[in-house]
1. If we sort 287-298, 384-395 on the protection proxy, mean other Cβ atoms within 10 Å, highest first, what's the order?
2. Quickly work out the V442-to-L191 label distance, labels modelled 7 Å from Cα along the C-beta direction, and quote it in nm with one decimal.
3. Output the peptides 400-408, 202-210, 215-223, 178-186 sorted from most to least packed, where packing is the average of other Cβ atoms within 10 Å over each peptide's residues.
4. How big is the dipole moment of the range 190-374 about its Cα centre under a simple scheme where the beta carbon of each Lys and Arg is +1, that of each Asp and Glu is -1, and everything else is neutral? Debye, nearest 20, please.
5. On alpha-carbon atoms, Rg over Rh for the range 380-451 using Kirkwood Rh?
6. Mean separation of Cα pairs under 8 Å and 6+ residues apart, divided by the residue count of the range 380-451: what relative contact order is that in percent?
7. Could you give the alpha-carbon Rg of the range 326-461 over 2.2 N^0.38 Å, rounded to two decimals?
8. Taking a ≥ b ≥ c as the square roots of the eigenvalues of the Cα gyration tensor of the range 190-374, is the shape rounded (a/c under 1.5), prolate (a/b larger than b/c) or oblate?
Amino acid sequence: MKLPIPRFPELSVVVPDGDDALALEAYQVLAVSLAIHLSGRRALFALELHKGPFWLGVKVHTTPALSRRERQSLLPLVRSMGFMFPWIPKSAQPEAHRQAETLKPSTEAGTGMGTDAEGEASVEAFVRSLIEDGVDRSTVQVFDPGLADTAALIQQLPIDGESRQKMQMALKKLLAYGTKRPRSQPDHSWLRDLGTLRGEFPAFATVVDQVVQPHLSLIAAGARRVRMPPILLVGPPGVGKTAFARRLSELLGTGCLSIDMASATNGAALAGSSTFWSNSQPGQLFTAIAFGIQGNPPCADPVVVLDEIDKVSSDRYDPMGPLYTVLEEETARVFEDQALPGIVFDASLVRWILTANDIRRIPDPILSRVLVYEIEPPSGNAMFGIAQRMLESTVRELGIHFQTRLPRELAPLIGDQTPRTLKVRLELAVGAAMSAGRNYLVLDDLTTLFRTQTKLSMGFV
């Protein structure tokens with residue numbers, strides 16, 4: 001059967017018939033991950049998934065054909081996501097290893113990756129990472145391996161029937177995904193990607209040099225457990241703090257969980273709401289690690305952005321209460337969501353990025369747990385380069401045919417903008433050009449927008 005894939009409506013995916021909803025969801029997550037991996041390399045690709053009693057086969061069609069190195073890069077990606085396919089019994093895994101040795105690379109389900117003239121590649125992924133002896137460093141034991149026993153404990157908890165039913169449903173879905181999560185692995189082009197990130201966000205070059213690059217270097221070198229230290233980005237509104245965090249998550253392929261702390265009234269967004277409440281729900285942190293973020297496969301080290309933590313305000317409950325636990329590596333290893341008592345998980349590898357405008361309003365215990373970086377607004381010359389890249393990005397997001405050259409005469413006006421206001425004005429300028437019947441910008445499209453200053457007036461009209 002053909003399976004629709006979120007975010008990639010043009011992607012053709014054929015999956016085995018007759019699987020249940022959880023298996024189809026796992027196929028979708030795998031397809032999205034492969035599509036993200038391939039989208040920067042080939043414009044046209046399709047997937048076929050083949051299911052055996054002990055294996056999962058993935059056939060990738062591309063035009064033109066993938067290189068040998070590109071084909072090989074798919075193998076660890078597919079294997080690392082094997083935890084999502086619980087229909088492969090653990091007791092059968094050794095048999096899968098033996099079958100792998102006997103299959104020929106030329107067969108459709110072969111372990112090798114052959115290609116033909118149409119640019120077809122075959123990958124055989126034997127789902128074995130969950131039962132290996134700890135040598136595999138691409139996965140992390142996030143949840144207790146004996147989690148199934150928790151089902152019996154749920155019946156003994158002093159909670160009402162509705163809360164018990166919610167916990168049982170969450171546990172059932174969690175067990176379908178397994179108790180391990182992959183650790184995001186830097187792509188072979190990660191150093192080049194970081195160079196791109198520095199160019200897109202020059203004001204954040206120090207953060208990339210001192211935190212991100214050393215962190216990824218350790219992972220690339222095969223270090224067992226590598227935790228990116230939590231960072232706090234402090235700077236005026238609109239300088240691109242949140243945009244930087246989201247772009248970093250795109251390069252890492254983890255998805256980005258963004259929580260607005262200014263509107264938070266308690267810690268439920270992070271730690272869930274207590275079963276005392278009738279509308280109790282797990283927190284976003286548990287959901288992100290257990291099931292993934294916005295179509296991205298779940299992983300042990302997602303990027304979590306806590307926006308505007310200097311604007312937290314609450315009379316009764318402290319929204320930053322859970323932070324004292326999750327920002328410390330040791331306590332984060334045994335984090336418990338309030339809506340799921342007894343289900344402990346490891347959140348110590350989460351990549352935390354906090355943002356603020358005023359460091360003076362942040363409690364000292366939080367500051368002691370993070371690396372603080374002051375982000376200055378870009379200079380005039382840097383802003384023009386940012387504007388050029390932002391125009392290119394805007395055109396890609398809009399999905400229109402439009403020339404992306406920015407008039408150099410605009411540089412003096414752009415220097416006074418922030419990245420936030422710049423993006424809004426560029427999109428309006430593109431719209432103005434299109435309404436005038438042009439697919440390129442002229443100075444008049446931008447001059448009025450960049451000279452306009454919004455003024456507030458009082459009184460009646």
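1. Values: 287-298: 20.8, 384-395: 18.6.
The densest-packed peptide leads the list: 287-298, 384-395.
2. 4.7
3. Numbers: 400-408: 13.1, 202-210: 17.8, 215-223: 14.9, 178-186: 21.6.
Going from most to least packed, we get 178-186, 202-210, 215-223, 400-408.
4. Values: 15 positive and 20 negative charges, 72 e Å.
That gives a dipole near 340 debye.
5. Over the Cα atoms of the range 380-451, Rg/Rh equals 0.92.
6. Values: 76 pairs, mean separation 26.6, N = 72.
Relative contact order of the range 380-451: 37 percent.
7. Values: Rg = 22.2 Å, N = 136, 2.2 N^0.38 = 14.2 Å.
Normalised by 2.2 N^0.38 Å, the Cα Rg of the range 326-461 equals 1.56.
8. Working: a/c = 1.84, a/b = 1.31, b/c = 1.41.
Here the range 190-374 falls in the oblate category.
Here, each number is a calculation from the coordinates, and none is a lab measurement. From a predicted model like this one, the values you see are computed outputs, not experimental measurements. Cβ sites come from the backbone with ideal geometry, for glycine too, and all protein chains shown count toward neighbours.
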